[in-house]
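Q: Structure below; questions to follow.
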Amino acid sequence: MARGFGLRRRPVWLALAGSFAGISVSSGQPSAPSGLSLTVISPTQINLTWTDTSSNELGFQIEQSLDTITFTNIGAVGSNVTAFAATNLSPGIKYYFRVYGFNSAGNSPYSNTNSGFTRTPWAQWLLSNFTPSQLTNPAISGLGADPDGDGLPNLVEYALNRNPWAPGTAALSLAGIDSVGTDNFLTLTYTGNVSAIDVQPNASVSSNLSAWFGGTKMVTGPISVATNGSAITEKFVANRPIAQAPSQFMQLNLDYTGVPNSWVTGSVSPNSLMEVSCGIISNKLYLVGSPYSPTLAYDIPSDKWTNVNCVRPYLGDHQAAEVYGGRWYLFGGFSFTDSSSMNEVQIYDPVTNGWSLGTPMPFPAGSCATALIGGKIYLAGGIVGSVTTNGAAVYDPVSNTWAMIAPMPVGRNHTAAGTDGTNFYIFGGRDGANAVANGYNTVQIYYPAGNTWVSSTDPGSTLAPLPQARGGMGKAVYYNGNFFVIGGETASGAGATANDVYNRVDIYNVASNTWWLGTPMPTARHGIFPVLNGNRIYVADGGTRSSVSISWLLEIYITP
């Protein structure tokens, strides 16, 4: 979990005559320091330097932020000192810094604000093992390169604490047996690089060395065995007893997944879009929105965008979206030209590169909430004309039919909605017409099994509300027991940028009913539609200021 930064008051200095700590000062507040610059030292340290423009300061206070909105004091230095080491930082994170001087008369204005990314552990390892010229050659320093020719790519050398220039002879892992009661289980033990938090180890099993099977149904782990300085020893255990599978093999697999709780950028989209809808099918992200008509596709492995040259039948925005059976479904929305299309179901098939229409929604609405549960798509709320509805329905994509379900406790639009695979969660949102507002912090949950709802607004409810009321978050992504509510907009709510948009990442753990903050999105946006692929959440386009605005950004969150 990344550190949260809270607001703290600047120190209050008592007025003193003559000197402080033996340092003579003149009357008046210091002038602002200037020329703040940064040097990235490691995954956990950034060094700061600045120019002292005063002769009367008692010292300098250093402040740090993750988002330029909330700064916190992280340390102070004495008079005439113009350097500071910011330590205990998290890897792969962008940090902002500013400095002010102080004396008995008060505080100076702030210096300029400067920012820098701490290195990822992988980047630090590269710097430690390759020259600058080698770092520019992926055939030498790339993840899959093998500069010492020992058959182990750099990713493996890095993850297992090996020298990429010294051919290794030691075994990568050791087989063993764990006994539980009367059963024996095959194990695989390895020693890895404790700093390699951007690599995910996993194991798979086989009975013939040809077909391999992994996942939690087949293997348990990694299980920590020991930690010693820079090394960590872990093991995997096969779930099937040896007696049931006498011919059994295990292999170690390593995947570069990136630094947890950090952001990376992808290539910008060909068209700047707002109020977008997204879906991922077979490692491709599909994107539509306004004010342009194209259906865009982003190939995740190659980081490339294309226009699929297939325009949806009804153009518009604020369309809810789900993926089912390899097809992408759009629901309702606000049309560019024809308000009668607000109840349309539009279906894109990437195999045929064509759009078709499903049975229209029971009520015409834009900015609805949806979730795919058990092969059916649940839809709730949204704006009908200039009024927010609490209507809800369920769509069966196989039979292409709709049925009404129990209405929402409180009608909402511009929410963030998703599912944990069993129930339908709806976070925040607004009411009324399609206009910017501060929104609500409501959490509402629909239980398909009983056709019932609960809400954080229910009398005596213990359901934890969304920490920051807002709307325009697009989608709540569920991964590994947590919902991720990203971005949004407001009219005058707290914690937003000067453009009244949010970069915050609120993370809700279902099991504990608690919220915590993730690393902020690099660019605050609303009208987005976050979608999950693997352990990464993709946030494409959307508006950078409240109400009508567009962008072409693709920022990717690596989940904690």
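Q: Report the full-extension gain for the segment Q248 to T131: residue separation times 0.36 nm, less the Cα-Cα distance, to one decimal in nm.
A: 37.8 nm is the gain from fully extending Q248 to T131.
Q: With every protein chain kept in place and ligands, DNA and RNA left out, what is the accessible area per residue of segment 338-468? Probe 1.4 Å, answer in Å².
A: In whole numbers, segment 338-468 has 37 Å² accessible per residue.
Q: Then there's this: Distance between the C-alpha centers of segment 458-475 and segment 89-167? Whole Å please.
A: 38
Q: When the Kirkwood hydrodynamic radius is evaluated over all pairs of different C-alpha atoms of segment 413-526, what value in angstrom, to one decimal, is obtained?
A: Values: mean 1/r = 0.0706 Å⁻¹.
Here the Kirkwood hydrodynamic radius works out to 14.2 Å.
Q: Pull out the extension gain between T422 and N480, defined as 0.36 nm times the separation in residues minus the alpha carbon to alpha carbon distance; nm, one decimal. All intermediate terms of the calculation are to be shown ahead of the outcome.
A: Details: separation 58, 0.36 × 58 = 20.88 nm, distance 1.39 nm.
Answer, rounded to one decimal: 19.5 nm.
Q: For segment 311-432, with equal point scatterers placed on the C-alpha atoms only and solvent neglected, what are the log10 I(q)/I(0) values from the Debye formula at q = 0.22 1/Å, to two decimals?
A: Each listed q corresponds, in turn, to -1.32.
Q: Still on this model: Over all pairs of distinct alpha carbons, what does the Kirkwood formula give as the hydrodynamic radius of segment 201-251, in Å?
A: Result for segment 201-251 stands at 11.8 Å.
Q: So how far apart, in nm, are the two label points at W552 and N208 if each is 7 Å from Cα heading toward Cβ?
A: Here the answer is 5.1 nm between the modelled labels.
Q: With all protein chains present, how much of the accessible area of segment 363-459 (probe radius 1.4 Å) comes from carbon and sulfur, to the nearest whole percent?
A: 54
Q: Report the Cα centroid-to-centroid distance between segment 503-533 and segment 356-410 in angstrom, as an integer.
A: Between the Cα centre of segment 503-533 and that of segment 356-410, the gap is 24 Å.
Q: Strictly greater than 18 Å: what percent of every Cα pair in segment 251-345 meets that?
A: On the way: 2332 of 4465 pairs.
Beyond 18 Å sits 52 percent of the P(r) for segment 251-345.
Q: Once both labels are modelled 7 Å past Cα along the beta-carbon direction, what's the N161-D183 spacing in nm?
A: The modelled label-to-label distance comes out at 3.2 nm.
Q: Sticking with this structure for a sec: So how far apart, in nm, are the two label points at T257 and A76 if each is 7 Å from Cα heading toward Cβ?
A: 4.3
Q: I've got another one for you. Roughly what % of Cα-Cα distances in segment 272-320 sit above 15 Å, to the whole percent?
A: 42
Q: By average Cβ neighbour count within 10 Å, what is the ranking of 208-220, 380-392, 227-239 from highest down?
A: Going by the mean number of other Cβ atoms within 10 Å, highest first, we get 380-392, 227-239, 208-220.
Q: Pop out the carbon and sulfur fraction of the accessible area of segment 209-286 as a percent, whole number, probe 1.4 Å.
A: 52
Q: Rounded to whole Å and sorted largest first, list the principal axis extents of the Cα atoms in segment 26-98.
A: For segment 26-98, the Cα extents along the three principal axes come out at 43, 24, 18 Å.
Q: Another question about this same structure. In the set (1) 42, 38, 23; (2) 57, 25, 22; (3) 44, 31, 25, which value of semi-axes √(5λ) of the Cα gyration tensor in Å was calculated from the structure you see?
A: (1)
Q: Using only the alpha carbons of segment 236-296, what is the convex hull's orientation-averaged projected area in square nanometres?
A: Average projection, Cα convex hull of segment 236-296: 7.7 nm².
Q: Please list 473-485, 249-261 highest first by mean number of surrounding beta-carbon atoms within 10 Å per residue.
A: The most tightly packed comes first, giving 473-485, 249-261.
Q: With every protein chain left in place, what is the accessible area per residue of segment 25-107 in square angstrom, probe 1.4 Å?
A: For segment 25-107, the solvent-accessible area averages 35 Å² per residue.
The values are calculated or read from the model by the stated rules, or taken from the named source; none is laboratory data. What you see is a predicted model; the values in this text were computed from it and never measured. Note that we place each Cβ from the backbone using ideal geometry, even for glycine, and neighbour counts take in every protein chain shown. Areas reflect the complete protein model, heavy atoms only, side chains present, ligands, DNA and RNA absent. Shrake-Rupley method; radii C 1.70, N 1.55, O 1.52, S 1.80 Å.
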